[in-house]
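One structure below.
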Amino acid sequence: MCGISGRIGTNVLLFLICDLQKLEYRGYDSAGLGYFENDNIKTFKVKGRVSGLNKVKKKCASIGIAHTRWATHGKPSKANAHPHSSENGNWTIVHNGIIENAKQLKQEFGDEHFKSQTDTEVVAHLLEKYGDGVEAIKAAMERLKGSYAIVALNKAYPDTLFVMKNKSPLYIYQSEGQVTVTSDIITLDTGFYYDLEDGEYGFVTAEKMQIFNQKGKKIKKQLLPIKKDNIILPQKPFKHHMLKEIYDTPTCLQYLIDYYKNHPTGVDFSKYEHIKLVGCGTAYHTALMGVKFFEGIAGVESHAYIASEVYKPILKPNTLCIFISQSGETADTMEVMINAKKQGAETLLITNRMTSTMAKKADIVLPMMAGEEVAVASTKAYTCGVSVLYLLALQAAGKMNFTNLKRLQSEIAKLLSLSPQPRLARCKNVFFIGRGMDDVSAMEGCLKLKEITYINSIAFAAGELKHGTLALIDKHSLVFALNTCAERAGKMQAAIEEVRSRGGKVVELTTLPATNKDAVKFEHIDDNLDGLLIMVYLQLLAYYAAARKGYNPDKPRNLAKSVTVI
Ligand code: AGP
């Protein structure tokens, strides 16, 4: 979702545009810049891609702010793009997050005073109301409810970036006359940075930085080293990030195996009788796989929850709460984590971003080791997240070993070495069915297809077919039947026949030896891991279907990589 950069230095517009390019992966619909020119604040905004800002990149500026916007309040448009200015033009700001009392504050000023539909413009007006400088920031923050990371320019201080932060990340880098304020560490290279806490605000110039806490007291911030993952992935030329990321999977799994061989997880499973797993989208599917592993391998009672559906979590004593989040910034998941912690729960996060906000809050943080994932559709992070849960379940059962994970890694490498380009047959409706773990894989394969091809498809437990959905099956239906469980193979076969006898086309994806001759066969590794091998095939299926339709698989419409609003 939205991304922020603020800079002090030379030719900052060039650097700000580079920063926004690094933030593009988060998903956005418009972009903009604000900068000082002859003591006046100028803005330049575009609907659409960051490249639209290139028109001003050669302008000389030594201080500026920049933003990529993912619409929440008001449609994607140039008028709603950030930065937003106060009425007298003294303040110009960029904002990540949501101002929850924007409507009430807007009424105070009167609707006619606003040029955009955004909640952000309200903050600019509020700052103007309270004057200039850091005192105005303090006063405005006392009125604001919600989440915000804000970087602001104030006409009275042409060498200063003002900052304010609550529930949205904001980091400051300051070295040898260069300043970067960012919402994402990805824009920082090496060295040290400051991490703002909720309620903190202040200002930074090339030489000075002053931060205040919620009570208005000056505080000294601690410098933290910029940590980058040591995950070096092959730089082969791929047309899209998504395809590259699918092909990264074997290398990431190797990193994951090496890491967990040498780093104990630090989880003492003897303390827990129940496990609750929480995530959204693909991370929720990862959580569902976790339930299968903890119950099947270790015999520990477990439940998975869609984060946005957890209203009042009931936590029995001896419960471990596991959160899964590739980005570590997903607002729905974070809210559950905060509530769980308030109830005294022990929290474990499985993430791909060890410096994320959730990583700072969790008691134990375990890395996915997937390396940077840029495409909105999560691929290698799913495989790695599920693999971490598989190892945790082995550990809980006292059977920790890496043999089958290593086999999975080499089977995925073998599969990818054949450069498969699965084709999606023409059809009106697509269905994904499976039983047990295959049901979870069906859900994830279906989500991949939906999010990047915009094809309406559904996934459900194969046994449910005859309880309703069979009514939809006709000769225009295409059904992917995942079949990896020998014990349930007979029942899967029955479901396949039910579809075929109604004219539906079935593509069976299986690791079982005795199945239909036209089935797509995969190597059997381990009942728990077979689904991950098939998933690589389903990820490629979705990728090629989107690419053949002429869509950009990396940037599906309406979606963002990191969903930081509730
Ligand atoms: C997956 O392809 C999606 N992009 C989405 O479902 C994602 O997994 C979800 O938004 C959760 O993100 P997180 O892992 O960063 O928390």
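Derivation of every value follows stated rules applied to the coordinates shown; laboratory data play no part. Everything numeric here is computed off the predicted structure, so don't read it as measured data. Ideal geometry is used to build each Cβ from the backbone, glycine not excepted, and the neighbour counts take in all protein chains shown.
Miscellaneous remarks
- Counted over the chain, the DSSP beta bridges are approximately 60% antiparallel.
- Put simply, when 459-465, 42-48, 266-272 are sorted by average Cβ atoms within 10 angstrom per residue, most first, you get 459-465, 42-48, 266-272.
- The chain, relative contact order [Cα under 8 Å, separation at least 6], %: 11
- In a reduced charge model with +1 at each Lys and Arg Cβ and -1 at each Asp and Glu Cβ, the stretch 458-549 shows a dipole moment near 480 debye about its Cα centre.
- By definition, a body whose alpha carbon gyration tensor gives a ≥ b ≥ c is oblate when a/c is 1.5 or more and a/b is not larger than b/c, and the stretch 318-407 fits this oblate description.
- Charge dipole (the chain, unit charges on Cβ, about Cα centre) - positive-most of G74, M492, S419: S419
- Given +1 at the Cβ of Lys and Arg, -1 at the Cβ of Asp and Glu and no other charges, the dipole of the stretch 20-117 around its Cα centre is 640 debye to the nearest 20.
- Note: relative contact order over the stretch 450-521, using C-alpha pairs below 8 Å and six or more positions apart, is 31 percent.
- Highest average packing first - 551-564, 315-328, Cβ atoms within 10 Å: 315-328, 551-564
- Nearest-20 debye value, the stretch 66-183 charge dipole, Cβ charges on Lys, Arg, Asp, Glu: 380
- Database remark: amide H of N101 closer than 5 angstrom to the amide H of K145 (H placed geometrically; neighbours at sequence offset of 5 or more, or on other chains; Pro and chain starts carry no H).
- Euclidean distance of C-alpha centroids, the stretch 1-17 and the stretch 526-566, integer Å: 31
- 222 nm mean residue ellipticity, helices alone, for the chain (DSSP H n ≥ 4; -39,500 (n - 2.57); rounded to 500): -10000 deg cm²/dmol
- The stretch 394-437 and the stretch 71-112 have their alpha-carbon centroids 46 Å apart.
- Report note on the peptides 428-436, 257-265, 281-289: ranked by the mean count of other C-beta atoms within 10 Å, highest first, their order is 281-289, 428-436, 257-265.
- Dipole axis of the chain (+1 Lys, Arg; -1 Asp, Glu on Cβ), positive-most option in I324, G531, N552: N552
- Taken as Cα centroids, the stretch 480-508 and the stretch 308-385 sit 35 Å apart, rounded to the nearest whole angstrom.
- Shown in residue order for the stretch 93-106 are the 3J(HN,Hα) couplings computed by the Karplus curve 6.51 cos²θ - 1.76 cosθ + 1.60 at θ = phi - 60°: 9, 10, 9, 10, x, 9, 8, 6, 9, 4, 4, 4, 5, 4 Hz (x for Gly and Pro).
- Cβ-based net charge around H82, under 13 Å, with every Lys or Arg adding one and every Asp or Glu removing one: +2
- Mean Cα-pair separation over length for the stretch 181-228, i.e. relative contact order, pairs under 8 Å, 6 or more apart, %: 41
- Farthest towards the positive end of the charge dipole of the chain, among the residues I364, S51, V376, is the Cα of S51, using unit charges on the Cβ of Lys, Arg, Asp and Glu.
- Distance violations [Cα-Cα > 20 Å] among K45/K115; K312/K341; K59/K228; K236/K549; K217/K360; K138/K361: K59/K228; K236/K549; K217/K360; K138/K361
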